[in-house]
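Asks: Have a look at this one before I ask anything.
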Amino acid sequence: MLKDLIKKNRSYRRFYEEKSITKKALTSLVDLARLSPSGKNLQPLKYFLSNDKKTNGIIFSNVAWAGYLKDWDGPVSSERPSAYIILLGDTNLTTNFGHDPGIACQSILLGAVEMELGGCIIGSIKRVELHKKLNLSDHLEIVLIIALGYPKEKVVIEKLLSDDIKYWREESGVHHVPKRSLDDLII
């Protein structure tokens, strides 16, 4: 069952924007992150939740999508995420958040898949501008953003045939993600 969730947990970048996600659902996803391991048990992450069009628009305009898809500026207006979770590092607790953001993101995204949602971790962020526009406290640092919604695209895992690990998209919209074989990974 866990393997099935992991296989479904792809980086989705196109969504049914009109299908909303409740604050309750977002809060339950953050609760999964809260219960996850934290280095030194510092628990330095905080979370900003957005599920309204205005705030979603502010967030959307301050991120970049899919670095390997050079001719794609991100989802069109009807295919944008219906919610976001912004991971914030509390610098009053530490300035080194270690692996906590990755652990939290994986927990949130596995929970999202279980809810039949999809998501995408975004690290390409105009952090200074977004911090100002969301009026965040100075001690909170934007670490990562998770875009969430009901997936509108099909993402396919395929065998890596060469050393080219770049994902790509068919004209039909099917998104392909090459993965190294298990034999290539185990030393």
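The values are calculated or read from the model by the stated rules, or taken from the named source; none is laboratory data. The structure displayed is predicted, hence computed values, not measured ones. Note that each Cβ is placed from the backbone with ideal geometry, even for glycine, and that neighbours are counted across all protein chains shown.
Asks: Can we say G98 is over 20 Å from Y167 (Cα atoms), part of a loop (DSSP other than H, G, I, E, B) and of a type in the set (G, A, S)?
Replies: yes
Asks: Which residue, of V156, V76, V174, is of a type in the set (V, I, T) and in contact with a Lys or Arg (Cβ under 8 Å, 6 or more places away or on another chain)?
Replies: So the residue among V156, V76, V174 that is of a type in the set (V, I, T) and in contact with a Lys or Arg (Cβ under 8 Å, 6 or more places away or on another chain) is V174.
Asks: So which of E171, E129 ends up being over 15 Å from the mean Cα position of the chain (by Cα), surrounded by fewer than 19 Cβ atoms within 10 Å (Cβ to Cβ) and modelled with pLDDT of 95 or more?
Replies: E129
Asks: Would you confirm whether or not segment 38-58 contains a residue that is within 19 Å of I122 (Cβ to Cβ), among the small types (G, A, S), in a loop (DSSP other than H, G, I, E, B) and at pLDDT 95 or above?
Replies: No, the conditions are met nowhere in segment 38-58.
Asks: Now for a different question. Can you pull out every residue in segment 1-28 that is outside any loop (DSSP other than H, G, I, E, B) and among the β-branched types (V, I, T)?
Replies: I6, T27
Asks: Under the condition of being within 23 Å of the chain's Cα centre (by Cα) and without any contact (Cβ under 8 Å) to a residue 60 or more places away in the chain, which residue from segment 148-159 is surrounded by the fewest Cβ atoms within 10 Å (Cβ to Cβ)?
Replies: Only one residue tops the list, namely E158.
Asks: Just name the residue that is modelled with the lowest pLDDT out of those in segment 139-155 that are aliphatic (A, V, I, L, M) and touching a Phe, Trp or Tyr at 6+ places or on another chain (Cβ under 9 Å).
Replies: V155
Asks: Which residues, taken from segment 7-30, are of a type outside the set (G, A, S), surrounded by fewer than 18 Cβ atoms within 10 Å (Cβ to Cβ) and either more than 15 Å from the chain's Cα centre (by Cα) or on the phi > 0 side of the Ramachandran plot (or both)?
Replies: K7, Y16, E18, K19, T22, K23, K24, T27
Asks: Taking into account only those residues within segment 54-91 that are within 30 Å of R34 (Cβ to Cβ) and of a type in the set (K, R), which is nearest to the chain's Cα centre (by Cα)?
Replies: Per the stated criteria, the residue is R80.
Asks: Sort out which residues of segment 31-52 are over 14 Å from G89 (Cα atoms) and either of a type in the set (D, E) or surrounded by 12 or more Cβ atoms within 10 Å (Cβ to Cβ) (or both), and write them in order of number.
Replies: D31, L32, S36, L49, S50, N51, D52
Asks: Among the numbered conditions (1) in a strand (DSSP E or B); (2) modelled with pLDDT of 95 or more, tell me where E158 comes up short.
Replies: Against the list (1) in a strand (DSSP E or B); (2) modelled with pLDDT of 95 or more, E158 comes up short only on (2).
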